[in-house]
1. Taking all pairs of different Cα atoms in segment 1-127, averaging 1/r and flipping that mean, what Kirkwood radius in angstroms comes out?
2. Under 10 Å, Cα contacts only: if you run a Gaussian network model on the chain, which one of 154, 123, 52 comes out with the highest mean-square fluctuation?
3. Ignoring everything except DSSP H segments at least 4 long, calculate the 222 nm mean residue ellipticity for the chain; use -39,500 (n - 2.57) per segment, divide by total residues, nearest 500.
4. Report, largest value first, the span of the C-alpha coordinates of segment 260-342 along each principal axis, in whole Å.
5. Give the distance, in whole Å, between the Cα centre of segment 162-180 and the Cα centre of segment 65-143.
6. Quick check on packing: order 8-19, 159-170 by the mean number of other C-beta atoms within 10 Å, highest mean leading.
7. Quick check on segment 11-70: what does the Kirkwood estimate of hydrodynamic radius come out to from the alpha carbon pairs, in Å?
8. In a solvent-free Debye calculation with one equal scatterer on each Cα, what is log10 I(q)/I(0) for segment 190-289 at q = 0.19, 0.24 Å⁻¹, listed in the order of the q values?
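Any read-out appearing in this document is the output of simple, stated calculations on the displayed coordinates, not a laboratory observation. From a predicted model like this one, the values you see are computed outputs, not experimental measurements. Cβ sites come from the backbone with ideal geometry, for glycine too, and all protein chains shown count toward neighbours.
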Amino acid sequence: MNLSNYRTGVQSLDLQIVELLKELPSEDADLIAELLVSGVRLSLEDVNRGELKLTNSALKELRHSFSVFAPYRSERKATLFGSARISAGDPAYVSAREFGAAMAQKGWMVMTGAGPGIMAAGLEGAGKERSFGINIKLPFESSANEFIADDPKLINFKYFFTRKVIFMKETHGYALLPGGFGTMDEAFELLTLMQTGKSPLTPVVLLDPPGSTYWDRWIDFVRLELLDGGLISENDLSLMHVYKDPEAAADHLCHFYSTYHSMRYAKDRLIIRLNRAVSDNELASLNLSFSDLLLSGSIERISPDQSEVKDSDFLGLDRIAFRYNQSSQSRLRLLIDSLNDYAIK
């Protein structure tokens, strides 16, 4: 193979990379080549040892994480966020444990930060076989809880940013319980990533335990300071839903995938894969209700795109597609809700 325009700048090194690639049994040799070029260029440019350590550690953490998750790619996974300071027996702990159990019973796996409190409760409820631990090494609260310790599905991270990448990449739905700065950071970051289209749309439930007003007051703040201040739109509130009952919260996550399956872009079109076919009436309703999302044309049924065929990407599913103007991810979330709700009308 030949290298792309992304090269080391040293012809002899580029030729050696080409020769090395001949020994690698990969269909993605172009991407492997760019990884190798990046590594060589780091050594040729003004990069200090500390920056090399950061890059090296981050890449190794991501590589290891991909390897751990690979056998579970077909499994739906829910992530549970909340305080490490909640003790067993607290209503929030009980709600987290019940939510974890409900998700496991519905065939999902559960991921948490692997620490104490809410994180331990979620994994206790899910059981070890249905649990993932995504731990962060800290001077305190850094050891994994008893429900995931020594399990091969426990991953220890040095950096928050690589840990968050894995959470966002592997999660199909989120439940957030009361927590401190870390929980607030996670809530606002995942909502920001979805609002801006940098992370796939996934269901987010804010789970208040009995007697708690934590998320109700948080929503009041969001409405008063963000919505009334013109800093977000009314539609953005569709990205999250408050629940008091763990079972109902679990049902919400599952319902999101009742009709909707997944999406991907193919050139200028957004393709939405579905678990069922859409009727003519439903398609007409979608075109009428969500015409503001269309760059041109209409929402239409399609066969798998060539890029999907190349990747063997859920070829047995029905799908619809349209030229998406990317004006509002929250409106796109409402389109997904419409698809899911239409099936139970």
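1. On the way: mean 1/r = 0.0550 Å⁻¹.
Value: 18.2 Å, from the Cα pair sum.
2. Residue with maximal mean-square fluctuation among 154, 123, 52: 52.
3. Details: 12 runs with 146 residues, N = 345.
Value at 222 nm, helices only, nearest 500: -13000 deg cm²/dmol.
4. 32, 24, 20
5. With segment 162-180 and segment 65-143 each reduced to a Cα centre, they are spaced 10 Å.
6. Working: 8-19: 13.7, 159-170: 17.2.
Ranking, from highest mean packing down: 159-170, 8-19.
7. Numbers: mean 1/r = 0.0767 Å⁻¹.
Radius from the Kirkwood sum: 13.0 Å.
8. -1.15, -1.32
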